[in-house]
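Rule-based calculations on the coordinates, nothing more; no lab input. Remember, predicted model here, so these are calculated numbers, not experimental data. FYI the Cβ positions are ideal-geometry reconstructions off the backbone, even for glycines, and counts take in every protein chain you see.
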Amino acid sequence: MNWIILIIAGLFEVTFAFCLGKAKEATGSDMYGWYAGFVVALVKATHTIPVGTAYAVWTGIGAVGTVLPGV
C-alpha cells in the first residue's frame, strides 16, 4: 500500500510542477492544498519505505512526468 501512496505522491509532484502557474496565482487554502497534498502522501509513504528509496522514486516519477508533457 505504501508503494501505491508513494506513486501517488510522485503524481502529485508532476501535477504540482505542471500547475505551478495556477498555484502561483492561487491564494489562501487553494495554494496550501497544492503543497499539502504531495507532502502528506510522501510522509505517509516513508513510514515503511526507506526515505532514500522513497525520495528516489518520488523524484524519478516527478522528473519523467514533468518532461513528458513538455515533449
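Descriptive notes on the structure:
- Residues ILE7, ILE61, sorted so that the one with the fewest Cβ neighbours within 10 Å comes first: ILE7, ILE61
- Which of LYS24, LYS44 has the fewest Cβ neighbours within 10 Å, and the rest in rising order: LYS24, LYS44
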